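Please read the structure below before turning to the comments.
The values are calculated or read from the model by the stated rules, or taken from the named source; none is laboratory data. Small disclaimer: the values here were computed from a predicted structure and weren't measured. No Cβ is skipped: glycine too gets one built from the backbone with ideal geometry, and neighbour counts run over all protein chains shown. The protein model used for the area step is the full one, side chains on, heavy atoms only, and it has no ligands, DNA or RNA in it. Shrake-Rupley method; radii C 1.70, N 1.55, O 1.52, S 1.80 Å.
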Amino acid sequence: MMSSGTVTVQLDKPYETFKLESEPPMTAEVTRDELLGYYSLMYRMRRMEISADTLYKAKHVKGFCHLYDGQEAICVGMEAGATWGDSVITSYRDHAWQLSRGDTVTGVLCELLGKQGGCAKGKGGSMHMYKADANFYGGNGIVGSQAPLGAGIAFAHKFAGDGCCSFALYGDGAANQGQLFEALNMAALLQLPLVYVCENNQYGMGTSKKRSSANDDYYTRGGYVPGIKCDGMNVLSVRECTKFLKKHAVEVGPIVVEFDTYRYHGHSMSDPGITYRNRDEVSQVRAARDPVDRAKRYCIDTELVTEAEIKEIDKEVKAEVAAAVEAAKAAPPPEQSELWTDVHVGQSKDFFMRGPDISTSSGVYGTNR
Amino acid sequence: MLSSLPRRAARQLRGVAAPSLRGAARPLSTAPSDAPEEEPETKKLTMVAAINDALRIALKTDESAVVFGEDVAFGGVFRCTMGLRDEFGEERVLNMPINEQGLVGFGIGLAAVGSTAIAEVQFADYIFPAMDQICNEAAKFRYRSGAEFDCGGLTIRAPAQAVGHGGHYHSQSPEAYFAHTPGLKVVYPRDAYTAKGLLLSCIRDRNPCLFFEPKILYRSSVCDVPTGDYMLPLGEAEVLSPGEHITCVAWGAQVHTMARACERAAAEGVSCEVIDLQTIAPWDMHTIRDSVQKTGRLLVTHEAPLTAGFGAEVAAAIQDACFDHLEAPIARVCGADTPFPLAFEKLYLPDELKIYDAIMRTVQY
Ligand SMILES: Cc1ncc(C[n+]2csc(CCOP(=O)(O)OP(=O)(O)O)c2C)c(N)n1
Ligand SMILES: [Mg+2]
């Protein structure tokens with residue numbers, strides 16, 4: 001067994017700041033347990049997304065499916081720098097967040113497959129992961145729509161005086177939706193404990209950031225709201241930055257962060273992801289900046305974790321994900337009555353009768369509600 | 001060039017006369033095989049190719065025409081704008097950032113100057129961020145300015161309706177929201193042939209038009225499409241097959257589902273008059289009225305939820321116009337009053353069996 005004390009490590013890339021007088025440190029202190037935790041969670045996310053890819057290709061996934069591989073350091077680093085008391089709201093690229101907020105791989109895959117046991121009872125699918133007991137306000141399918149919600153959630157934190165903040169995530173493409181600017185203005189006026197998190201993965205569907213954004217320094221686009229750009233491929237950079245962001249949000253007011261990252265998969269499973277960028281670009285990022293690999297190197301370089309231990313984790317994670325895949329496949333689909341439940345609260349019993357009138361039919365539907 | 005084109009000249013340009021094909025009753029998804037001698041040259045096309053063709057013709061025949069939307073320079077998600085950027089240049093085929101409200105407003109401004117603005121909203125489900133621009137600005141521009149201004153050159157295309165796995169945000173049929181806003185035209189093609197002709201009509205029509213493309217038909221609808229320039233009339237329903245016992249009305253992809261139900265009913269000796277409404281607003285009340293006065297029964301079916309769906313308007317207007325002729329209550333077979341579901345698409349949708357069942361109940365009433 002190696003050292004179990006605290007080790008100080010260097011971060012890779014300097015931050016860039018906008019309208020800020022201070023910035024997060026360029027070093028981070030880590031313990032063995034922390035590193036093991038970050039690595040194994042990131043690797044779990046990676047395997048989960050790879051299994052989602054396989055499940056989708058085997059036609060087990062209903063609906064659209066957007067994967068997070070390449071971006072794991074953001075989710076895991078933010079979680080390490082914040083608490084579940086802090087709220088998170090994000091886009092449809094939400095599988096990893098659901099896992100980090102306490103769901104299981106089986107739970108995420110069940111939702112993905114439209115099965116009972118998913119967080120939305122299989123009614124939402126890939127884009128709709130939610131975890132109310134951990135303040136995860138979930139996946140939002142409409143680009144940019146979560147931005148003003150993040151402000152409302154932040155106001156509730158301020159009102160409650162709970163010392164927590166709201167993190168509202170969006171992409172480099174979503175950064176161009178007008179709602180974000182409306183929300184930034186409200187947040188600044190109300191001095192909300194709000195962090196706008198731009199996950200800049202360089203593309204919004206097939207459009208590169210240069211083609212979609214007149215100013216692609218997203219951390220400066222709040223104008224009157226300060227901002228910071230951070231290496232989104234290094235879990236410890238993200239963690240240190242998040243601590244700084246939360247402190248600023250709670251003590252001063254809204255702030256924008258741009259995490260520089262990359263998505264390995266195409267936009268969604270129906271996009272091969274190679275018509276608007278080339279394979280070389282993807283493999284270069286994989287080789288030089290892979291976030292899971294970076295976390296692993298911290299483990300080894302600090303000598304806090306051995307190669308053998310990493311191998312052991314990898315083995316366990318693979319087995320866990322494989323078992324989750326089987327469990328999700330075997331899980332039952334939702335009850336048919338789920339079609340017409342949760343539309344309103346206190347729905348009248350004949351609610352569904354306003355749709356196709358099954359009960360009076362001659363029985364051709366094979367259902368006897 | 002676009003920038004130097006005076007407003008008036010642009011307006012005239014858009015008036016270019018293209019032959020108007022009046023569809024004589026013809027079988028679903030085939031070219032007008034019984035058309036007169038000067039039968040136009042046709043080609044087998046998918047709906048995607050037919051739409052692409054219509055856009056190409058629009059850009060060719062009207063030098064003020066501009067196509068814009070998210071990723072359209074690369075063909076768009078469904079490849080409807082494939083190749084247009086190369087052919088017409090980046091000044092006329094523009095990529096837009098993800099900002100539907102902004103891009104529709106941009107189109108209204110462009111059209112107000114007299115240009116032809118052809119916007120693509122990536123999915124009909126994403127048209128809602130632009131609701132204000134469409135309903136408050138585009139729809140009322142002419143009225144509120146006493147016809148001093150209008151944005152008649154604006155057409156908004158958006159893929160709509162179910163695909164089998166689209167879930168909440170890739171499946172909706174939002175026609176009723178827009179039909180409720182006077183000043184807009186709302187159009188749905190049912191196949192490649194009607195897509196090309198109706199789209200060209202929308203583009204050239206002097207009112208802001210919403211053109212909803214049933215995405216399930218993009219590649220599955222293949223038919224003989226005239227290679228040249230033609231338009232199909234807006235505001236006119238098409239009787240696809242005449243019948244005696246019941247009038248059945250649908251639009252978009254639902255026309256095919258309904259036609260299958262009608263065939264099933266025909267096997268039971270029920271003769272259905274199959275009508276594609278085509279234009280939802282302003283809708284062709286006369287054709288439906290004439291038909292119901294003959295058959296005495298009406299069924300309307302759409303994928304959108306039942307309550308306040310456009311079928312409600314059709315039913316109310318027809319019971320008023322045909323009260324003395326009706327032999328049975330008007331049947332509506334629609335989507336359920338739930339969000340468009342991911343897990344229960346089959347249960348939600350007004351499928352062939354549900355329609356067949358309603359036809360039989362209506363004729364046996
Ligand atoms: C209002 C709206 N417009 C369009 C879409 C279709 N769409 C889904 S994701 C996406 C790209 C978003 O890119 P970005 O914000 O960079 O996020 P990323 O997918 O890279 O995580 C688009 C255009 C949508 N879901 N909602
Ligand atoms: Mg992006």
> Got a number for residues in segment B:139-182 being buried (at least 23 other Cβ atoms within 10 Å of the Cβ) and of a type in the set (D, E, K, R)?
Replying inline: 2
>> The conditions are (1) in a loop (DSSP other than H, G, I, E, B); (2) over 20 Å from the mean Cα position of the chain (by Cα); (3) under 16 Å from B:ARG157 (Cβ atoms), and B:ILE98 fails exactly one of them. Which is it?
In response: (3)
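Got a sec? Which of A:LYS229, A:LYS243 is open to solvent by 10 Å² or more (accessible area, probe 1.4 Å), away from ligand 2 (no atom under 16 Å from the Cβ), among the basic types (Lys, Arg) and away from chain B (no Cβ under 14 Å)?
Details: A:LYS229 fails: away from ligand 2 (no atom under 16 Å from the Cβ).
The unique qualifying residue is A:LYS243.
Regarding segment A:169-182, can at least one residue be identified that is among the charged types (D, E, K, R), open to solvent by 20 Å² or more (accessible area, probe 1.4 Å), over 24 Å from B:MET96 (Cβ atoms) and modelled with pLDDT of 95 or more? Steps first, answer last, please.
If we filter segment A:169-182 for residues that are among the charged types (D, E, K, R), which is where we start, we get A:172, A:182.
Still in the list and also open to solvent by 20 Å² or more (accessible area, probe 1.4 Å): A:182.
Add one more test, that the residue is over 24 Å from B:MET96 (Cβ atoms), and what stays is none.
No, every residue in segment A:169-182 fails to be among the charged types (D, E, K, R), open to solvent by 20 Å² or more (accessible area, probe 1.4 Å), over 24 Å from B:MET96 (Cβ atoms) and modelled with pLDDT of 95 or more.
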> Given the structure, is A:ALA188 within 11 Å of ligand 2 (Cβ to nearest atom) and part of a helix (DSSP H, G or I)?
Replying inline: no
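Filter segment B:218-233 down to the residues that are of a type in the set (Val, Ile, Thr) and open to solvent by 40 Å² or more (accessible area, probe 1.4 Å) and list them by number. I'd like the intermediate steps shown before the answer.
Taking segment B:218-233 and keeping what is of a type in the set (Val, Ile, Thr), we get B:222, B:225, B:227.
Within segment B:218-233, B:VAL222, B:THR227 qualify.
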> Got a sec? Which strands (runs of 3 or more DSSP E) wholly within segment A:1-94 have at least 2 residues that are exposed (fewer than 15 other Cβ atoms within 10 Å of the Cβ)?
Replying inline: A:7-10, A:27-30
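Has segment A:298-309 got at least one residue that is over 28 Å from A:LYS115 (Cα atoms), within 23 Å of the chain's Cα centre (by Cα) and assigned by TED's automatic domain parsing to the domain that holds A:TYR38? Give the derivation first.
First pass over segment A:298-309, keeping only residues over 28 Å from A:LYS115 (Cα atoms): A:298-309.
Pick out the ones that are also within 23 Å of the chain's Cα centre (by Cα) and you get A:298.
Now restrict to residues that are assigned by TED's automatic domain parsing to the domain that holds A:TYR38: A:298.
Yes, segment A:298-309 contains at least one residue that is over 28 Å from A:LYS115 (Cα atoms), within 23 Å of the chain's Cα centre (by Cα) and assigned by TED's automatic domain parsing to the domain that holds A:TYR38.
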>> Quick test for you: out of A:ALA174, A:ALA183, pick the one residue that is in contact with a Pro (Cβ under 9 Å, 6 or more places away or on another chain), assigned by TED's automatic domain parsing to the domain that holds A:ILE255, touching a residue at least 24 places away in the same chain (Cβ under 8 Å) and among the aliphatic types (A, V, I, L, M).
In response: A:ALA183
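Name the residue, out of B:ALA250, B:ALA265, B:ALA261, B:ALA281, that is out of contact with any Leu (no Cβ under 8 Å at 6 or more places or on another chain), surrounded by 21 or more Cβ atoms within 10 Å (Cβ to Cβ) and assigned by TED's automatic domain parsing to the domain that holds B:ALA336.
Numbers: B:ALA250 fails: out of contact with any Leu (no Cβ under 8 Å at 6 or more places or on another chain); B:ALA261 fails: out of contact with any Leu (no Cβ under 8 Å at 6 or more places or on another chain); B:ALA281 fails: out of contact with any Leu (no Cβ under 8 Å at 6 or more places or on another chain).
None of the other options fit; the residue is B:ALA265.
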>> Just to be sure I understand, how many residues within segment A:206-220 are assigned to a loop (DSSP other than H, G, I, E, B), at pLDDT 95 or above and within 13 Å of ligand 1 (Cβ to nearest atom)?
In response: 2
> Residues of segment A:83-115 being among the acidic types (Asp, Glu) and more than 11 Å from A:SER126 (Cα to Cα), which ones?
Replying inline: A:ASP86, A:ASP103
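Please go through segment A:147-168 and give me each residue that is open to solvent by less than 10 Å² (accessible area, probe 1.4 Å) and not small (Gly, Ala, Ser), ordered by number.
Matches in segment A:147-168: A:CYS165, A:PHE167.
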>> Going residue by residue through segment B:83-92, is there one that turns out to be within 14 Å of another protein chain (Cβ to nearest Cβ), within 16 Å of ligand 1 (Cβ to nearest atom) and crowded, with 18+ Cβ neighbours inside 10 Å?
In response: no
> Among the helices (runs of 4 or more DSSP H) contained in segment B:135-211, which hold 3 or more residues that are more than 16 Å from the chain's Cα centre (by Cα)?
Replying inline: B:141-144
>> Condition (residue is farther than 30 Å from B:MET82 by Cβ, more than 10 Å from ligand 1 (Cβ to nearest atom) and either of a type outside the set (Gly, Ala, Ser) or at the interface with chain B (Cβ under 10 Å from one of its Cβ atoms) (or both)) applied to segment A:165-178: is it met by at least one residue?
In response: yes
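A quick yes/no check of all residues on (1) assigned to a loop (DSSP other than H, G, I, E, B); (2) charged (D, E, K, R); (3) away from ligand 1 (no atom under 12 Å from the Cβ):
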{"position": "A:GLY125", "(1), (2), (3)": "yes, no, yes"}
{"position": "A:ASN140", "(1), (2), (3)": "yes, no, no"}
{"position": "A:GLY144", "(1), (2), (3)": "yes, no, no"}
{"position": "A:ALA147", "(1), (2), (3)": "no, no, no"}
{"position": "A:LEU184", "(1), (2), (3)": "no, no, yes"}
> What residue, among those in segment A:203-225 that are more than 14 Å from every other protein chain (Cβ to nearest Cβ) and surrounded by fewer than 19 Cβ atoms within 10 Å (Cβ to Cβ), is farthest from ligand 2 (Cβ to nearest atom)?
Replying inline: A:TYR224
> Looking only at segment A:108-146, which residues are open to solvent by less than 30 Å² (accessible area, probe 1.4 Å), out of contact with any helix residue (DSSP H, G or I) (no Cβ under 7 Å at 6 or more places or on another chain) and away from every other protein chain (no Cβ under 14 Å)?
Replying inline: A:ALA134
> Residues B:THR301, B:THR295: which one is open to solvent by less than 20 Å² (accessible area, probe 1.4 Å), hydroxyl-bearing (Ser, Thr, Tyr) and more than 24 Å from B:LEU232 (Cα to Cα)?
Replying inline: B:THR295
